[in-house]
1. Filter region 24-66 for residues that are of a type in the set (Gly, Ala, Ser) and within 16 Å of the ligand (Cβ to nearest atom); which is farthest from residue 347 (Cα to Cα)?
2. Among the residues of region 194-208, is there at least one that is without any contact (Cβ under 8 Å) to a residue 24 or more places away in the chain, farther than 26 Å from residue 405 by Cβ, of a type outside the set (Phe, Trp, Tyr) and surrounded by fewer than 22 Cβ atoms within 10 Å (Cβ to Cβ)?
3. Please verify whether residue 221 is in contact with a helix residue (DSSP H, G or I) (Cβ under 6 Å, 6 or more places away or on another chain), surrounded by fewer than 24 Cβ atoms within 10 Å (Cβ to Cβ) and not hydroxyl-bearing (Ser, Thr, Tyr), treating the condition exactly as stated.
4. Restricting to region 390-411, count the residues that are under 24 Å from the mean Cα position of the chain (by Cα) and either more than 17 Å from residue 307 (Cβ to Cβ) or among the small types (Gly, Ala, Ser) (or both).
5. Those residues that are surrounded by 15 or more Cβ atoms within 10 Å (Cβ to Cβ) and over 25 Å from residue 220 (Cα atoms), I need them from region 123-139; list them, please.
6. Looking at region 90-104, can you tell me whether even one residue there is within 16 Å of the ligand (Cβ to nearest atom), at pLDDT 85 or above and assigned to a strand (DSSP E or B)?
7. Can you find a residue in region 221-231 that is closer than 28 Å to residue 68 by Cα, polar (S, T, N, Q) and within 16 Å of the ligand (Cβ to nearest atom)?
8. So which residues in region 368-389 are outside any loop (DSSP other than H, G, I, E, B), in contact (Cβ under 8 Å) with a residue 60 or more places away in the chain and surrounded by 17 or more Cβ atoms within 10 Å (Cβ to Cβ)?
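The values are calculated or read from the model by the stated rules, or taken from the named source; none is laboratory data. Because the structure is a prediction, the values reported are computed rather than measured. Virtual Cβ from ideal backbone geometry, glycine too; neighbours counted across all protein chains shown.
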Amino acid sequence: MIKTNTKCRDCRSGKLTKFLDLGSQPLANSFSRTEDLTAVERTYPLEVYFCSDCGLTQLVHVVNKEELFKHYVYFSSVMPKVSAYWEAYALDLTKNFLKDKSSFVVEIGSNDGVLLKFFQDRGYHVLGIDPAKNIAKLANERGINTMAAFFSQRLAETIAAEQGPANIILANNVFAHINDHYDFCAGIKKLLHPQGVLVIEAPYLIDMFENLTYDTVYHEHLSFLAVRPLIKLFERFGLEIFDVKIMPSQGQSLRLFIGHKGAKSVSENVFCLIQKELEFKLDDLNSYFLLASRIEKSKSKLVGLLQELKNQGKTIAAYGAPAKGNTLLNYCKIGPEVLDYAVDDLPLKQGKLTPGMRVPVRNRQYAEFHRPDYYLLLAWNYKKAILEKEADFIHKGGKFIIPIGDEPSII
Ligand SMILES: [Zn+2]
């Protein structure tokens, strides 16, 4: 079920130092049924390491990927409409990189195919790859050609031989989930057209320093990405980051544009981010120890605030039950004695208990009838939309607690 890497995933160095220990935690998406109350949950170490040689921040405890992803419950959309965010993304790629209607677009971790459908509807040849059989089946039923598999060098060779090289390969919120970066890069090298572009979108490590988003650490997220370490990784495979953008998704995300080495001119944006990472001293182990001590302080401040509110007789519930919320609840040991429930719109989670702390997940209707004095906003990445949606709750005196940052804030 779990293996422990003794060497860095990217440079194979043994100079790995643990700087953050979030305890032994259950898998962040393993919501259990109420009747499982007495069952013992499996937990795994949730510890973050820094490689002093290449600078990659990473987990070394790797839970079996079959276990994590075979029946992934997350669906990126309700077909057929792609969200405004991804539509702008697809339009941008089409404008910049797809000159020819016969272009081939491959997506790794394609989920229900919503993004690929955008390209298919415009006449491009598409292929989805997703390990979750239930989701790949759904995508195929909706007409998006999807293979139920993990991306690998071997699979890339087969696809290239049968369908030709890919002009665009997309990997959104999937690269940080991959343990074997060498196999991934070797596969990209085989499948990518000489002028093709690999686009990777993933949370940016700097966000953890700026906003203390330590709750993005959970067992699925094996690496926390920054530009400098990745340049070295891709270089090993004759690949090159030629452009990068910062996107306001899940906090701050990196959108990396990668081609064969020398195929495209390297944008100034790449050098700007390298500079920023050096200013943050992301190459220095001490920065990570400082980060960890800020995280510990943030935890005790949050726990202190919640305790104070409980002492005042206030009622508190969690808003959202996202995977990252479970990291936070388990690390801070916030359970049903503090939170009456967690409200979440995803029917798959409703009626179940959050992993580890076992807070009951309720639907919106329940929440309407049991409004708390305070909501702990676990789904902070949707803060703006949630505060707008809950204007009535706020108008009637309800408050939101934002749990991340050096201090929790109340809105
Ligand atoms: Zn390394």
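1. Our first condition is that a residue be of a type in the set (Gly, Ala, Ser); within region 24-66, this holds for 24, 28, 30, 32, 39, 52, 55.
From what's left, within 16 Å of the ligand (Cβ to nearest atom): 52, 55.
Values: 52: 43, 55: 40 Å.
Per the stated criteria, the residue is 52.
2. So in region 194-208, the residues without any contact (Cβ under 8 Å) to a residue 24 or more places away in the chain come out as none.
Looking for residues that are without any contact (Cβ under 8 Å) to a residue 24 or more places away in the chain, farther than 26 Å from residue 405 by Cβ, of a type outside the set (Phe, Trp, Tyr) and surrounded by fewer than 22 Cβ atoms within 10 Å (Cβ to Cβ), one finds none in region 194-208, hence no.
3. On the way: in contact with a helix residue (DSSP H, G or I) (Cβ under 6 Å, 6 or more places away or on another chain): yes; surrounded by fewer than 24 Cβ atoms within 10 Å (Cβ to Cβ): yes; not hydroxyl-bearing (Ser, Thr, Tyr): yes.
It is true that residue 221 is in contact with a helix residue (DSSP H, G or I) (Cβ under 6 Å, 6 or more places away or on another chain), surrounded by fewer than 24 Cβ atoms within 10 Å (Cβ to Cβ) and not hydroxyl-bearing (Ser, Thr, Tyr).
4. So the first thing to find is which residues in region 390-411 are under 24 Å from the mean Cα position of the chain (by Cα), and the list is 400-409.
So of that shortlist, the ones also either more than 17 Å from residue 307 (Cβ to Cβ) or among the small types (Gly, Ala, Ser) (or both) come out as 400, 402, 404-406, 409.
The number of residues fulfilling the criteria is 6.
5. Hits for region 123-139 are 124, 125, 126.
6. Start the filter on region 90-104 by keeping residues that are within 16 Å of the ligand (Cβ to nearest atom), which leaves none.
Scanning region 90-104, I find no residue that is within 16 Å of the ligand (Cβ to nearest atom), at pLDDT 85 or above and assigned to a strand (DSSP E or B), so the answer is no.
7. Yes, the conditions are met somewhere in region 221-231.
8. Within region 368-389, the first condition is being outside any loop (DSSP other than H, G, I, E, B), and the residues that meet it are 368-369, 374-377, 380-389.
Then drop every residue that is not in contact (Cβ under 8 Å) with a residue 60 or more places away in the chain, which leaves 374, 376, 381-382, 386.
Scanning region 368-389 gives 374, 376, 381, 386.
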